[in-house]
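Worksheet: the structure to be examined is printed underneath.
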Amino acid sequence: MNGVTEPSGNIRAADWLYRSRAASVLWLVARLWLGYGWASAGYQKLFGSEKAAFWYGGGAGVKGFATAGVTGSTAGTGGASYGWWAAFLHNFVIPNASWIAKLVTVSELLIGVLLILGLFTGAAAAAGLTLNLVYLFTGSAGVNPAYAIVAVLLILAWRNAGYLGLDRFVLPRARDRFRRGPRTGLTAPPLPVAEPVG
């Protein structure tokens, strides 16, 4: 080999990042940082300083956020950059702000906890990335670009990113379970044997 690629055909740096146990320490740090950010955001909406606007406020926080996105879009001062997104915010999010606020709160908290535990790391990072994109489409930068970059990296490294977490134990069992299929106690009848033609 030329020293740049591994026998697997992957670039050496990619092999190290996505396969080595030493790199799983790096992913642990990234996972804990991102998980803490999400868990803290969800906690603030449920128990902390934002609870009046999200969990107990009938969705006032979501309604204000979506309204600012629509207003900024129409005024040309930021907000939702796409007309279809502004229409979605205006026609769906604002009228349903109450239950969406609770969904956002629970989602942020759950994403954070799953990332911290290293449980279903790839799926949790993908859910976080989805929320980041919603926030970015609405016109909020803040921590969203940084969270989105780390989420993409965790999605790419999903196997190794959860190695120092519960994924190390749960994913192999889930894989084996799906390979075996459900246990019903029934067996499939044998396939018929074709009779030779004459």
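The values are calculated or read from the model by the stated rules, or taken from the named source; none is laboratory data. None of these values were measured; they are calculated from a predicted model. A quick note on method: Cβ atoms are made from the backbone with ideal geometry, for glycine too, and the neighbour counts reach across all protein chains shown. Side chains included, ligands, DNA and RNA excluded: accessible areas come from the protein's heavy atoms. Shrake-Rupley method; radii C 1.70, N 1.55, O 1.52, S 1.80 Å.
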Using alpha-carbon positions, the gyration tensor of the stretch 52-138 gives root eigenvalues a ≥ b ≥ c; with a/c under 1.5 called rounded, otherwise prolate if a/b exceeds b/c, else oblate, the class is oblate
Quick one: 3J(HN,Hα) in Hz for the stretch 164-179, Karplus 6.51/-1.76/1.60 with θ = phi - 60°, rounded, Gly and Pro as x. 8, x, 6, 4, 4, 9, 7, 4, x, 5, 5, 4, 5, 5, 6, 5
Along Cα→Cβ, 7 Å out, is where each label goes; now give me the distance between the ones at Arg168 and Leu156 in nm to one decimal. 2.4
Suppose the chain between Ser98 and Tyr36 were pulled fully straight at 0.36 nm per residue; how much longer would it get relative to their current alpha carbon spacing? 19.8 nm
If R0 is 22 Å, what FRET efficiency do you get for Asp15 and Arg175 from their C-beta distance, rounded to 0.05? 0.55
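Find how much the distance from Tyr82 to Ala123 grows on full extension, using 0.36 nm per residue of separation minus their present alpha carbon separation; answer in nm with one decimal. Numbers along the way, then the final one.
On the way: separation 41, 0.36 × 41 = 14.76 nm, distance 2.71 nm.
Result for the pair: 12.0 nm of gain on full extension.
Given the peptides 45-51, 139-145, 27-33, arrange them by the average over their residues of other C-beta atoms within 10 Å, most packed first.
Numbers: 45-51: 16.4, 139-145: 14.9, 27-33: 18.0.
Top of the packing list down: 27-33, 45-51, 139-145.
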Could you please state how large a percent of the accessible area of the stretch 1-152 is carbon and sulfur, counting protein chains only and using a 1.4 Å probe? 70
Taking the simple approach of a point 7 Å from Cα along Cα-to-Cβ for both Val25 and Asn91, what is their distance in nm? 5.4
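Might you tell me the accessible area per residue for the stretch 116-168, computed with a 1.4 Å probe and given in Å²?
45
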Expected unfolding gain across Ala146-Leu133 under the 0.36 nm per residue rule, minus the alpha-carbon gap, is 3.5 nm
